[in-house]
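The values are calculated or read from the model by the stated rules, or taken from the named source; none is laboratory data. All values derive from a computational prediction rather than experimental measurement. Note: ideal-geometry Cβ built from the backbone for every residue, glycine included; neighbour counts use all protein chains shown.
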Amino acid sequence: MAQPRILVVDDDESIAFLLCARLKSYGFRTVAVNSGEEALRYLEKNLPDLIMLDYLMPGMDGCEVLKKIRSEKSISHIPVIMLTAKHDQSCKIEGFKMGLDDFMLKPYDPEELAGRIKAVLRRAKPPVLKKIKNILITGGAGFIGSALARELLKRKYRIAIIDDFSTGRRSNVKDMLGNKNFQLITGSITDEALVSKAVEKCDLIYHLAATVGVKNVVEKPLDTIIYDTVGTSIVLKYASPKGVKVVLTSTSEVYGKSKKYPFREDDDVIIGPPGVNRWSYACSKLLDEFMVKAYHDERGLPAVVVRFFNIVGPGQVGSYGMVIPRFFKSALNNEPIHIYGDGEQIRCFTYVDDAIDILVKLADNEKANGEIINLGSNNQISIKELALTIKRLTKSSSKIVFEPYRKYYGEHFEDVKKREPDLTKLKKIIGFTPKTGIQEILEKILHYFEENPEELNNI
Ligand SMILES: NC(=O)c1ccc[n+]([C@@H]2O[C@H](COP(=O)([O-])OP(=O)(O)OC[C@H]3O[C@@H](n4cnc5c(N)ncnc54)[C@H](O)[C@@H]3O)[C@@H](O)[C@H]2O)c1
């Protein structure tokens, strides 16, 4: 749309003037009128692309004007955003009942207002599937992000990654650095200027950057909360006005202590209390999910949440609490394999390439938009069985030692007994589920360590 035209309706001339000036600075054309009656007269002969309507006006108030607009066939389709200084917000409820498109309280943040206008304008148009060329991956130097970047480069997309290397590794992206279609942006997703610039150039965002790993989360709950929520809010804030699709990676941790197996996306979740640091991750990711849903439902952002269930494979490091690399390191060095707790905890491990295949498919699948989808496998195995299998596979003489959680994660640690995904929704949306079995996954990881023995030092 070439320079959208906005009708500003406000009885206060100076406010209308200021609003028009701000909107012009964001590339909109504006016309201002100072009463509801004047607005309706203007609309008899003109069709603006959007109307900014003040609520409190002498004569007709904003809701009365909106009612007239919605009942007049020739103008009823024009999107309307209401602005008000009234704090009880009853006008908001009334306005939405009458087909209001968005609502903002004065004083408003100009950047936020411009973003919301763009989102409303985009929703007013029929959705057009944008051809994807440029992809941004936050957390692209991490285990999953770097494998995703590599796969997308093979498919000839242009990839930019943002990573602060908190848990990501330069060695994960070293092979891609010389590729003309690959750009590394070093920095944090909490840096708004950096994120807004990167989002400006992309057609799709995979948002993976997060503080991860049980050990990390338990030791750094503040990082977890800030990076995993504020960071996400910044990514969504800049994606929304552009309508750039966001694929957000969440986690099976959000099911918390639920015992209703297998976990379905619409199940209630049972999260532990704030006194137990591990739940800061689940709570933050859950809030991310709410944010994505809200941006999708209220602002029409094409976005999908993917709940990962233990994604594993070559290249994963164990220093932040990841179990498989840690067990391999101990087994290959014939050192004791430490199991935290009784080892009866059950997990379903998913091979990283299977997960990436699905992430790629979800990106241009419109049925996925607005959905929260489990991404995992049915490879159920107890942690004790996992240790025994790795010991067998590596022909190790390691002893298996059971230790209390508190030794590693402090007094108040709580573990989750079992995590098993219901994959019905995933199957319905993309037609298949991950297939690599646990034995094959472990063999591939062993092969990787045999080829790259120096990697054992990074665990
Ligand atoms: N691996 C799994 O089994 C699993 C399970 C559930 C969810 N997830 C989710 O998948 C995503 C990727 O996880 P992973 O296993 O690849 O972990 P990872 O630690 O290898 O990747 C996370 C990446 O994000 C980067 N990062 C962290 N904070 C950042 C910030 N503020 N700004 C920029 N970059 C930042 C890290 O440096 C790292 O490269 C995460 O969102 C995680 O929550 C993974």
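None of 390, 339 is assigned to a strand (DSSP E or B), of a type outside the set (Lys, Arg) and crowded, with 19+ Cβ neighbours inside 10 Å except 339. Select from the stretch 70-99 the residues that are under 22 Å from residue 48 (Cβ atoms) and touching a Lys or Arg at 6+ places or on another chain (Cβ under 8 Å) and write down the one among them that is surrounded by the most Cβ atoms within 10 Å (Cβ to Cβ). That would be 82. Looking only at the stretch 221-235, residues that are surrounded by 24 or more Cβ atoms within 10 Å (Cβ to Cβ) and among the hydrophobic types (A, V, I, L, M, F, W, C) come to 1 in all. The residue pairs whose first member lies in the stretch 366-387 and is over 22 Å from residue 249 (Cβ atoms) and in the same structural domain as residue 356 (by TED's automatic domain parsing), whose second member is crowded, with 23+ Cβ neighbours inside 10 Å and small (Gly, Ala, Ser), and whose beta carbons are closer than 9 Å, counting only pairs six or more residues apart or on different chains, are 387/330; 387/331. When 432, 413 are checked against the criterion of being surrounded by fewer than 18 Cβ atoms within 10 Å (Cβ to Cβ), of a type in the set (A, V, I, L, M, F, W, C) and not in a helix (DSSP H, G or I), 432 stands alone in meeting it.
Set side by side, the residues 313, 318 differ, and just one is within 13 Å of the ligand (Cβ to nearest atom) and modelled with pLDDT under 95, which is 318.
If you go through the stretch 250-270 one residue at a time, do you hit one that is under 13 Å from residue 292 (Cα atoms), within 16 Å of the ligand (Cβ to nearest atom) and assigned to a strand (DSSP E or B)? Checked the stretch 250-270: at least one residue is under 13 Å from residue 292 (Cα atoms), within 16 Å of the ligand (Cβ to nearest atom) and assigned to a strand (DSSP E or B).
Quick check on residue 293: is it assigned to a loop (DSSP other than H, G, I, E, B) and among the basic types (Lys, Arg)? So residue 293 fails the test. Of the residues making up the stretch 207-226, those that are more than 9 Å from the ligand (Cβ to nearest atom) and either modelled with pLDDT under 95 or under 14 Å from residue 288 (Cβ atoms) (or both) are 214, 215, 217, 218, 219, 220, 224, 225. Scanning the stretch 374-387 for residues that are at pLDDT 95 or above, within 16 Å of the ligand (Cβ to nearest atom) and either surrounded by 22 or more Cβ atoms within 10 Å (Cβ to Cβ) or assigned to a loop (DSSP other than H, G, I, E, B) (or both) gives 374, 375, 376, 377, 386. Here the strands (runs of 3 or more DSSP E) wholly within the stretch 77-152 that include at least 1 residues being among the charged types (D, E, K, R) and touching a strand residue (DSSP E or B) at 6+ places or on another chain (Cβ under 8 Å) are 102-105. Residues of the stretch 272-292 that are closer than 25 Å to residue 424 by Cβ and surrounded by fewer than 18 Cβ atoms within 10 Å (Cβ to Cβ): 290 alone.
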